[in-house]
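Encoded as structure tokens, the structure appears first; notes follow it.
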Number of protein chains: 2
Amino acid sequence: MIRLSRKADYGLVALKALGGLPEGDSLSARELAERFHLPQDLTPKVMAKLVTAGMVEASMGKMGGYRLARDPADITVAEVVRILDGEQHIAPCQQGDLMGECSRLEGCEIKSPLDTLNAAVMNVLETMTLAQL
Amino acid sequence: MIRLSRKADYGLVALKALGGLPEGDSLSARELAERFHLPQDLTPKVMAKLVTAGMVEASMGKMGGYRLARDPADITVAEVVRILDGEQHIAPCQQGDLMGECSRLEGCEIKSPLDTLNAAVMNVLETMTLAQL
DNA sequence: TCAAGTCCGACCATCCAAGTCGCAGATTAG
DNA sequence: CTAATCTGCGACTTGGATGGTCGGACTTGA
């Protein structure tokens with residue numbers, strides 16, 4: 001099943017905060033953690049992933065901090081989840097290159113319904129943007 | 001965020017299998033595990049939870065096994081998730097009895113959007129029944 | 001220049017779910 | 001009655017996620 005971890009929560013909270021900032025302003029990891037009760041030492045790590053993904057820009061030095069690099073209306077929840085929780089392998093059967101063999105196993109026939117469920121959940125996450133939160 | 005564990009997967013697969021059974025038939029934990037590649041020793045535990053929840057009936061002894069106790073069209077995915085993954089505390093702020101104080105914290109104001117997201121996901125799970133899988 | 005404040009990366013500790021093992025209780029086949 | 005087979009229940013091990021610590025690099029302001 002799709003795995004939605006806590007890091008996704010932190011990331012969404014932080015992104016939402018950055019999205020509500022005036023143009024040019026930025027927030028440091030410490031400020032984000034204090035204001036929104038995120039784990040002090042985990043916040044920089046979450047932000048770092050968002051930076052390397054190109055969703056957030058970071059400026060170093062005193063007066064440094066993070067600011068959103070893209071339009072909040074263009075950022076989907078699914079994208080954030082993918083960045084922070086890793087790629088969601090919806091069909092674990094397809095590990096390796098033996099897809100043909102896999103499809104004949106009895107187990108996979110009953111697992112396809114789970115894919116339907118996953119698709120439905122992912123559809124919600126794909127549809128919802130940061131601006132809509 | 002909502003936590004969807006692997007046990008929910010196993011439970012749904014097993015329930016789906018039981019739902020497709022002729023009236024009066026049953027499947028043992030070993031059979032379920034072998035046919036659908038579920039962990040051998042974990043399957044009885046998952047089923048036990050479903051039994052105590054009244055969703056599945058178990059008969060002991062030789063020739064024993066599990067059979068569905070309710071109509072598949074009346075079992076929602078959300079209910080299965082609640083049974084196997086525990087109650088989803090959508091608002092972790094409400095721990096303790098100081099709800100009034102909590103609502104004044106700055107962090108909770110930004111967390112309410114996450115509730116919207118949770119509600120959207122839960123809505124999908126509430127809507128989808130076992131029969132629809 | 002210097003000091004303060006920030007991001008960045010690697011490493012270690014802790015916690016919890018996943019999975020395993022073993023034994024007791026219950027029921028049926030022979 | 002006996003043996004086989006199943007569920008039921010607890011304790012144990014393990015692996016991944018979570019959270020914390022430390023040192024290094026960079027930028028700003030005095």
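What follows draws every value from the coordinates through simple rules; no lab data is involved. Everything quoted here is computed from the prediction, not taken from an experiment. Glycine gets a Cβ as well: all are built from the backbone with ideal geometry, and neighbour counts include every protein chain shown.
Data table
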{"item": "Spin-label pair B:LYS45/A:GLU23, simplified geometry with 7 Å Cα→Cβ offset, distance in nm", "result": "5.6"}
{"item": "Placed amide H near B:MET55: partners under 5 Å, 5+ positions off or other chain", "result": "none"}
{"item": "Extended-chain gain in nm, criterion 0.36 nm per residue less alpha-carbon gap, A:SER5 and A:GLU31", "result": "7.1 nm"}
{"item": "DSSP-loop trypsin sites (Lys or Arg not before Pro) across the range B:39-74, with at most 14 other Cβ within 10 angstrom", "result": "B:LYS62"}
{"item": "The range A:1-37: trypsin sites (Lys or Arg not before Pro) falling in loop per DSSP and having at most 16 other Cβ within 10 Å", "result": "A:ARG3"}
{"item": "FRET efficiency estimate (nearest 0.05) - Cβ-Cβ, A:LYS62 to B:GLU126, R0 41 angstrom", "result": "0.25"}
